[in-house]
Structure formats: structure tokens, C-alpha cells
1. Exceeding 24 Å between C-alpha atoms, which entries from my cross-link table qualify? They are Lys91/Lys115; Lys42/Lys104; Lys43/Lys72; Lys42/Lys115; Lys42/Lys72.
2. Order by neighbour count: Trp303, Trp64, fewest other Cβ atoms within 10 Å first, most last.
3. Counting other beta carbons within 10 Å of each Cβ, put Ser165, Ser124 in order, fewest first.
4. Sort Arg280, Arg69 by Cβ crowding within 10 Å, fewest neighbours at the top.
5. Could you give each residue of the stretch 140-149 its phi-based ³J(HN,Hα) in whole Hz, using Karplus coefficients 6.51, -1.76, 1.60 with θ = phi - 60°, and x for Gly or Pro?
6. Treat every Asp and Glu Cβ in the stretch 260-349 as -1 and every Lys and Arg Cβ as +1, leave all other atoms uncharged, and give the resulting dipole magnitude about the Cα centre to the nearest 20 debye.
Amino acid sequence: MKIDTQLFFLILILSLVGLYFFYGVSLPYSTKIFNNPLYYFKKFLIFNFFLPLLMFFIGYFMNWLFLMRIAKIIFIVNIIFLILPFFDFFKLPNQSTARWFYLKGISFQPSEFMKLSLLLFLTSTLPLIKKNLSYFYISLIIIFLTSLIIFIQPALSTLLIILTSTMGALITINFKLKNFFIFSIILLFFILAGFLWNYRLERVTGIFISNDKGLSFQLNQSRLAIGSGGLLGKGLGNSDLKLIGLPLMISDNIFSVYAEETGFIGSIILIILFVYLIFRIIYLGYYNNNELKKFFSYGVACWLSIQVFVHLMANLTISTGVPLPFFSYGPSSQIAIMTALGIISGFKK
């Protein structure tokens with residue numbers, strides 16, 4: 001069975017580099033919090049590397065027609081898991097938000113999987129959407145209600161990625177200007193509403209107003225780390241930011257540590273790898289004769305583009321909860337991404 005070798009090796013390179021880099025970043029962080037240097041690396045190895053790799057091959061071997069038949073079921077199940085964390089019994093202990101589903105030690109972020117399941121749902125209903133305008137408006141209502149649940153959790157950065165990647169996919173099917181305008185209103189509504197959220201306002205003002213604590217401190221330290229890397233970086237394992245132990249260092253701010261250790265050159269190489277990965281996905285979609293596969297490929301390419309862009313920009317502007325694919329600790333995000341990449345890799349079968 002054929003597999004796209006370029007896409008597979010890109011994924012493998014990013015996965016191995018991310019694994020190696022995370023090992024160095026997590027050692028002092030795990031030691032400081034748990035007095036166990038391998039605490040987070042062991043979790044990353046299992047849930048961010050091996051499990052996503054397994055899901056990649058499951059996605060690869062999945063029959064496309066069967067996947068389209070069960071796409072609606074996957075979406076409905078994901079909606080249920082989105083709603084359950086609003087009940088205390090399924091909420092992660094000591095969490096005020098409803099982002100995490102938790103039950104007997106098992107926890108994950110349903111909104112991260114919604115990036116994949118909503119895209120699969122829209123792909124499976126695409127023939128109906130194109131055939132009958134009423135199905136398009138029904139899809140808009142479903143997208144709006146799903147977005148509203150994620151907004152209330154709140155998982156605003158994830159919501160931004162979901163809506164913009166969905167829009168990017170819809171543009172590829174000769175999206176009419178009127179329909180594009182309607183979708184843009186939905187996107188704009190949630191963006192504006194998100195900026196009015198108290199903690200989001202604090203993140204925005206942190207760009208312009210410096211202080212010695214909280215989000216502004218986190219952002220300033222992230223900027224300093226990136227700037228101090230210079231052209232070639234301080235060398236792997238020589239980050240000063242790791243010693244400071246910045247909050248979310250192994251997830252939302254991991255690029256800051258990477259840029260500090262590898263410098264401008266290393267950062268450019270990483271960005272090139274991500275750009276190559278995204279363009280390879282677009283290439284596979286563009287030269288695929290199946291319209292549904294093309295739609296899905298473009299949607300995944302938009303998803304990865306926005307997620308990488310938001311993470312990189314967040315380390316320089318607004319600190320936000322978006323993991324960097326292959327590098328950040330975030331099993332839910334990485335499993336969803338690798339499953340989607342596995343599905344695309346299987347298009348040549």
C-alpha cells in the first residue's frame with residue numbers, strides 16, 4: 001500500500017526533533033515541580049509520540065468511504081464530550097473552566113478533537129451542501145452552536161483555529177461571496193466577544209503595559225529568550241529560560257526556549273519544515289481527483305498553518321494556549337493532528 005514518503009518523513013523528522021528537544025526542556029521543569037526529571041518526558045513519550053504515531057497509522061489504514069459514513073457519529077460523540085465537562089463530575093479537579101473532560105484519571109481536551117471531527121463532518125456532508133443551499137445554512141447553524149460551546153468553556157484560541165480552518169476549507173469549493181460574508185460574521189462575532197473576555201483583555205494589554213508579574217511577565221520573559229538567542233543560539237541545553245521555569249514552558253511557550261537555544265537560523269529551519277509540511281498537504285489535495293479528499297486536505301493545511309502561526313506569534317505578542325505541533329506537551333492536540341495526517345497519507349492507497 002502506497003504512502004506519501006515526503007509527508008511521512010517530514011512528520012518523522014518533526015516528531016523526532018520535537019521529542020529530543022522536549023527531553024531537554026522538560027528536565028529542569030519536571031525536577032522543579034515533581035522532583036523527578038523524567039516526569040513529563042515519560043508522559044510526552046507515551047501520549048505525545050507513540051500514541052499519536054499509532055493514530056497516524058490507524059488514520060492511514062482507515063477506509064475513506066467508511067470514514068465518511070461514520071463522520072457524523074464521530075462529530076456527535078465529540079459534541080457530547082464537549083458538553084460533559086460543564087458538569088462537575090466530568091470536570092478536571094481544581095479547574096474553573098470546562099475545557100478538560102476528566103473521568104477516573106483519564107483526561108483530554110474535546111475541543112482539540114473538534115478540529116478534526118468538525119472537518120470530517122463537513123467533508124461528509126459536502127455533496128449535500130453544494131447541492132442544496134438549505135444544507136449550507138444548516139451547517140452554519142451547527143458550526144455556530146459548536147463554536148458557542150467551545151466559546152463558553154472557554155477555549156478561544158482553539159475556536160479561532162477551528163473557525164478559520166473551516167473557512168479556509170469552504171473557500172476551496174467555490175464559496176459564494178454572500179455565503180462567505182455570512183461565515184465571516186460568525187467568525188468576527190466570536191473574535192470580538194473573545195477580546196471582551198476579562199482574561200483575554202489582560203493578555204492584549206500585556207503587549208503594551210509591562211509589569212513584573214502575571215501574563216506580562218510571562219510575555220516579557222518569552223520575548224527576552226527569543227531575542228537573546230541571536231543568530232546561532234546559545235546551544236542545545238543552554239537555555240536560561242529553562243532555569244527560570246516560565247509557566248507553560250513545555251506547552252504554550254516552548255518556541256521561546258527553542259529560539260533561545262537554536263537562534264535565528266534554527267528558528268528559520270523549523271519554520272521551513274512546517275511550511276514544507278503544509279505545502280505538501282496542499283499539494284496532495286490539489287492533485288487529488290476526489291473533491292472530498294481535496295476539501296479535507298485544504299482544511300487540515302489551514303488548521304496547521306493557523307496553529308503554528310498563532311503559537312509563534314503568541315510567543316512574541318499575546319500569550320495564549322496553543323501548542324506547537326510535535327514540540328509542545330499537548331496529547332489531545334497532537335493525537336488529532338497525527339490522525340488527520342495519517343488520513344491524508346492514505347489518499348494514495
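1. On the way: Lys91/Lys115 21 Å; Lys42/Lys104 20 Å; Lys43/Lys72 31 Å; Lys42/Lys115 26 Å; Lys42/Lys72 35 Å.
Distance filter (> 24 Å) returns Lys43/Lys72; Lys42/Lys115; Lys42/Lys72.
2. Numbers: Trp303 26, Trp64 16.
Ascending number of Cβ neighbours within 10 Å: Trp64, Trp303.
3. Numbers: Ser165 23, Ser124 19.
With the fewest neighbours first, Ser165, Ser124 line up as Ser124, Ser165.
4. Values: Arg280 20, Arg69 11.
Ordered by Cβ neighbours within 10 Å, fewest first: Arg69, Arg280.
5. My calculation for the stretch 140-149 gives 4, 5, 4, 4, 5, 5, 4, 5, 5, 4 Hz in order.
6. 480
Values quoted throughout were computed directly from the atomic coordinates according to the rules given, and no laboratory measurement underlies them. None of these values were measured; they are calculated from a predicted model. Positions of Cβ are backbone-derived with ideal geometry, glycine not excepted, and every protein chain shown enters the neighbour counts.
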